Amino acid sequence: MLGTMTSSAAVLAAHRLRWTRIARRARGLAGATGLGLLLLAAADLLLSALPQTDGLGLRGGGLGILTGAVGVALGTSFLTLHLRRVRSALTRGLPREESWLAAFGLTLTLVWLYVETVRLLTLAPQEDVLY
């Protein structure tokens, strides 16, 4: 939980200080990377259901840790995208009925960031994790 709180606090601080700039190309890249990560996880899930296979190896080892780190970085970038969307909605004066969409996006991204952080910590060897 501490990892999720610190990364979201850092994103909020950077957003408040206007250190983040998001180009149109970056939004497309984040979306494509998110879709690729989703398809990779689906393929791993389908292959792990087959007998005598371990999927693509995303449940442990170096590839799993790399995938977890990419997931955390991607979750942080999506948090930045959602904060930008909230700011633009406020400045354009969108109706109140549309606010649930922004709240849902922020909540979903925070949950995703938490799950990826916990997943990353479970992939690390037990002697490396401090309690």
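How big is the shadow of the Cα convex hull of the range 37-89, averaged over all directions, in nm²?
4.2
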Specify, per residue and in Å³, the volume enclosed by the convex hull of the alpha carbon atoms belonging to the chain.
131
Cα-based helix-to-principal-axis angle, 99-123 vs the chain, degrees rounded to 10
30
Helix-derived mean residue ellipticity, 222 nm - over the chain, DSSP H n ≥ 4, -39500 (n - 2.57), to 500:
-26000 deg cm²/dmol
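Just so you know, all these numbers are worked out from the coordinates, no wet-lab data involved. All values reported here derive from a predicted model rather than from experimental measurement.
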